[in-house]
Amino acid sequence: MQYSQAFSNITLLFSAAALATASWAQAPAAPAPAWQQGMSASMANSTLAPLAGKLTVTPAAQIPIDKLRMPAGFKVEIWATGLPGGRAMARGDDGKIYVGTRGIGRVYEVTDGGSARTVRTVVDKLNQPAGVAFKNGSLYVMAIDKVLRYDGIEKNSSAVAVDMTDKFQLPKEPHHNWKYIAFGPDGKLYVPFGAPCNICELPSQEYAQIRRYNADGTGMEVIASGVRNSVGFDWHPTTKELWFSNHGRDWLGDDTPNDTLNRLSKTGLNYGFPHCHQGNVADPDIKKVNACDGVDQPVALMGTHAATMGVTFYSGNMFPPEYRNVLLNARKGSWNRTKKTGYDVVMVKADADGKNVKVEPFLTGFMNDADQSFWGRPTYLMQMPDGAVLVSDEQNGAIYRVSYRP
C-alpha cells in the first residue's frame, strides 16, 4: 500500500509539472513595443529603433554651436540652457517663455534677465506635457491625460493650477497623443490628437484629427481628420489659414512615405490616414479601394521619416524682406531610416495658396552626413518681438537665438 501510494504521488507530481510546462509554453508572447507595430516580416531583423533623448542638463560649453551653418548675414547663438527635453515654446504677456517636454514630464519657465536667462520648473511628473500655450495672462498646459491652466503665473510663481481636464474629452490611448497646442487668430485653442498606433484602423473617430475649443474647453469642433500625427502648426499671416506638419508612418522602407506640410483651406478636410499617405500612397496593410480619392494634397513633401515638427511663418522685420511670410520648419531627424535625414531647420517658400513651393536649407550642422552622427535635434521655433527667432533643441535642452545683421 505504501509503495502504491508513493507511486501515485510521483505520478501526480509529474502530471502537474507537465501541465505547468505546457501552460508556460502556450503563454502569449509579450506584445511588441509600440514603435515596432506595423513592422513587416521583411524588416523583422532591422536594427532601427527610436533614438534615446538626453534628459540631463547640457552645459553651454558642451554645445558645439560653431558647427551650425546659416545663410549669409544670419547669426545663431545659445540663448538658454538647462531645459532637458525642452520642446514647444509659448511666450507670456510679460516676456517669459514657457517650454513643454515629452519624456521628462516637465514644463519650464525661462526668464530673460538681459545678459542671461534663468530657468525654473513650473510643474513636474506629468504624462508627456508637450503642449503649452498662453492667453490673457494664463498658461495652458496639456499632457496626454490632463489639461491645466495657471492664471497670473508670470507675476505669481506659486500660482495654483486649475484642472480643466474634464472639459476637453481627451482620448485615453497614449501613443501619438502628446500634443502641440496654440491659440489661433479666432481666439480658439487648437489641439491635435494623433493616431494610437503606427498604422491601424482607428478604434474610434476621436483619433487622427485636429480639434479646436473655446478657451474654457467648450465648443469643441473637429476641423480636420485623417491626420496621423501633427505636432506643429501656424497660421498664414495674410490668409489666416492653418498650415500644419504631419508625420508619415514607419516600416515601409527608407523612402516611403514622406512627412508632409499641409494647408487647411476649409474645415472638414481629410488627410488620408490610415489608408493613404502623403496624398498619393495607398497603405499596403490597411487597404481601401481608391484609398487616396478625396484626400487633400500636401503643400510640400518634407522628407521620409524626417520628423517634421514646429512650423512658424516669419512676419518680422529683422530678416531680409524676402523672408516675409516664409515658413520655417524644424525637422527633428529620422530614426526609421538607414541613412538619417532631417536634423535641421528648413524654409518653405510658397504662394499663399500653397502653390510654387520651394524647400531650402536654413539652419544646418546638427548632423554629420559622413558618419551619420548627430549632436542636436531642433524641434520648435518662435518669433520674438524684435524679429529674432528662437529654436529649441530637445537633445541638448537648449534654446538658440537666430538673428540677422547685414
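Some values worked out for this structure:
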{"quantity": "Enumeration of residues in the stretch 345-365 that are on the phi > 0 side of the Ramachandran plot and crowded, with 16+ Cβ neighbours inside 10 Å", "calculated": "Gly354, Gly365"}
{"quantity": "Residue tally, condition open to solvent by less than 10 Å² (accessible area, probe 1.4 Å), out of contact with any helix residue (DSSP H, G or I) (no Cβ under 6 Å at 6 or more places or on another chain) and assigned to a loop (DSSP other than H, G, I, E, B), over the stretch 217-227", "calculated": "2"}
{"quantity": "Within the stretch 162-176, considering residues that are open to solvent by less than 40 Å² (accessible area, probe 1.4 Å) and in contact with a strand residue (DSSP E or B) (Cβ under 6 Å, 6 or more places away or on another chain), the one nearest to Gln205 (Cα to Cα)", "calculated": "Pro171"}
{"quantity": "Which listed residue is crowded, with 18+ Cβ neighbours inside 10 Å, farther than 25 Å from Leu381 by Cα and either modelled with pLDDT under 95 or in contact with a strand residue (DSSP E or B) (Cβ under 7 Å, 6 or more places away or on another chain) (or both), from Tyr190, Tyr207, Tyr213, Tyr180", "calculated": "Tyr207"}
{"quantity": "Lone unmet requirement of (1) within 19 Å of Val402 (Cβ to Cβ); (2) part of a loop (DSSP other than H, G, I, E, B); (3) within 23 Å of the chain's Cα centre (by Cα) for Val110", "calculated": "(2)"}
{"quantity": "Selected residue [free of Cβ contacts under 8 Å to residues at least 40 places away in the same chain, closer than 23 Å to Leu328 by Cα and not acidic (Asp, Glu)] from Asn262, Asn246", "calculated": "Asn262"}
{"quantity": "Elements of type strands (runs of 3 or more DSSP E) in the stretch 281-341, at least 1 residues being surrounded by fewer than 21 Cβ atoms within 10 Å (Cβ to Cβ)", "calculated": "300-304, 308-313"}
{"quantity": "Residue within the stretch 53-69 that is out of contact with any Lys or Arg (no Cβ under 9 Å at 6 or more places or on another chain), under 30 Å from Ile153 (Cβ atoms), at pLDDT 95 or above and charged (D, E, K, R) present", "calculated": "no"}
{"quantity": "Residues located in the stretch 263-280, provided they are among the basic types (Lys, Arg) and either crowded, with 20+ Cβ neighbours inside 10 Å or under 23 Å from the mean Cα position of the chain (by Cα) (or both)", "calculated": "Arg263"}
{"quantity": "Which numbered condition Leu126 misses (of (1) surrounded by fewer than 22 Cβ atoms within 10 Å (Cβ to Cβ); (2) hydrophobic (A, V, I, L, M, F, W, C); (3) in a strand (DSSP E or B))", "calculated": "(3)"}
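The values are calculated or read from the model by the stated rules, or taken from the named source; none is laboratory data. Since this is a predicted model, take the numbers as computed values, not measurements. Counting neighbours? That spans all protein chains shown, and the Cβs are built from the backbone with ideal geometry, glycine included. Each accessible area value is taken on the protein alone, full model and side chains, heavy atoms only, with ligands, DNA and RNA left out. Shrake-Rupley method; radii C 1.70, N 1.55, O 1.52, S 1.80 Å.
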